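Chemist: Before I ask anything, here is the structure I am working with.
Here, each number is a calculation from the coordinates, and none is a lab measurement. Bear in mind the structure is a predicted one, so any value in this text is a computation, not a measurement. Neighbour counts are summed over all protein chains in view; Cβ atoms, including those assigned to glycine, are modelled from backbone coordinates with ideal geometry.
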Amino acid sequence: MREKPAGEIIPKTNQVIVCRRPHGTAVDLCEQCACGMLMLEESVAVACVSSREIYRWVEAETVHFRETADGLLLICLNSLLKRMENGANETRNHPASTF
């Protein structure tokens, strides 16, 4: 008699992301989902990827973003987290080319 396979164990984690900005700095909201926007350096730290990878995601429009009048790139936190969740599957299916 065959044994039933054990169920898959999926670890659940809670994340708290704190981005400190100078006093009086306004928080920009994403026009698509009303979530907070991060500066490029903050996005790199949250996603644990290079700025070049963030730029790739922006160019591929896989994250919500906008540029300020000063040329500052802002990334939507919500779409960044979703991209990170989906990124593991995409990397397995389509390995990135190396330089």
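Chemist: Please determine, by comparing only the residues of region 52-84 that are under 12 Å from the mean Cα position of the chain (by Cα) and among the hydroxyl-bearing types (Ser, Thr, Tyr), which one is surrounded by the fewest Cβ atoms within 10 Å (Cβ to Cβ).
Modeler: Applying the filter and picking the extreme gives Tyr55.
Chemist: Here are Val27, Val49: which of them is of a type outside the set (D, E, K, R), free of Cβ contacts under 8 Å to residues at least 24 places away in the same chain and crowded, with 16+ Cβ neighbours inside 10 Å?
Modeler: Answer to the check: Val49.
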